[in-house]
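Asks: Right, I'll just put the structure down here and ask away after.
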């Protein structure tokens with residue numbers, strides 16, 4: 001199975017100049033804990049999570065109304081292609097201990113593959129292995 005068959009195709013994103021408070025509001029509206037940060041019409045330059053907002057902003061005493069997504073985002077982003085094998089995506093999640101992967105084609109974001117998408121698509125041991133890696137210590 002290919003990633004494109006399992007990924008979420010509708011993705012809300014942020015710009016690096018967006019205020020963290022606005023990113024958090026978008027996350028709440030979308031019931032999402034993850035948001036790709038894009039520039040130049042769709043190139044992924046980072047990701048920001050609800051955990052980033054709590055740990056890197058609030059817990060460190062920064063004001064989310066003044067802090068930007070660029071300051072908090074993770075810049076080392078593992079990105080997969082829509083035609084990659086779903087098992088390959090699962091191995092990347094396990095190796096990186098992450099629960100979501102931006103999916104890009106020709107340098108532009110086209111979707112996100114989440115752990116939940118992986119579980120629904122594979123219904124096999126791949127999802128179980130990924131879960132072990134990302135939930136350790138939770």
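The values are calculated or read from the model by the stated rules, or taken from the named source; none is laboratory data. Just so you know, these numbers come straight off a predicted model, no measurement behind them. With ideal geometry, Cβ positions are generated from the backbone for all residues, glycine too; neighbour counts draw on all protein chains shown.
Asks: Quick check on my filter: what residues within region 66-123 are assigned to a loop (DSSP other than H, G, I, E, B), touching a helix residue (DSSP H, G or I) at 6+ places or on another chain (Cβ under 6 Å) and closer than 19 Å to residue 26 by Cβ?
Replies: 67, 99
Asks: I need the full set of residues from region 6-28 which are out of contact with any strand residue (DSSP E or B) (no Cβ under 7 Å at 6 or more places or on another chain), modelled with pLDDT of 95 or more and loosely packed, with under 14 Cβ neighbours inside 10 Å, in order please.
Replies: Hits for region 6-28 are 25, 28.
Asks: Test of understanding: among 3, 54, 37, 47, which residue is within 30 Å of residue 122 (Cα to Cα), out of contact with any helix residue (DSSP H, G or I) (no Cβ under 9 Å at 6 or more places or on another chain) and modelled with pLDDT of 95 or more?
Replies: Matching residue, one of 3, 54, 37, 47: 47.
Asks: Okay, moving on. Given the structure, is residue 100 under 22 Å from residue 8 (Cα atoms) and exposed (fewer than 15 other Cβ atoms within 10 Å of the Cβ)?
Replies: Here the answer is no, as residue 100 does not meet what is asked.
Asks: Looking only at region 29-61, filter to residues that are surrounded by 16 or more Cβ atoms within 10 Å (Cβ to Cβ) and over 21 Å from residue 80 (Cβ atoms); which one of those is nearest to the chain's Cα centre (by Cα)?
Replies: Result: 53.
Asks: What is the number of the single condition among (1) more than 17 Å from the chain's Cα centre (by Cα); (2) modelled with pLDDT of 95 or more; (3) crowded, with 20+ Cβ neighbours inside 10 Å that residue 121 does not meet?
Replies: Going through the list (1) more than 17 Å from the chain's Cα centre (by Cα); (2) modelled with pLDDT of 95 or more; (3) crowded, with 20+ Cβ neighbours inside 10 Å, residue 121 breaks only (2).
Asks: Would you mind telling me which numbered condition in (1) farther than 23 Å from residue 118 by Cα; (2) without any contact (Cβ under 8 Å) to a residue 24 or more places away in the chain residue 30 fails?
Replies: Residue 30 satisfies all of (1) farther than 23 Å from residue 118 by Cα; (2) without any contact (Cβ under 8 Å) to a residue 24 or more places away in the chain except (1).
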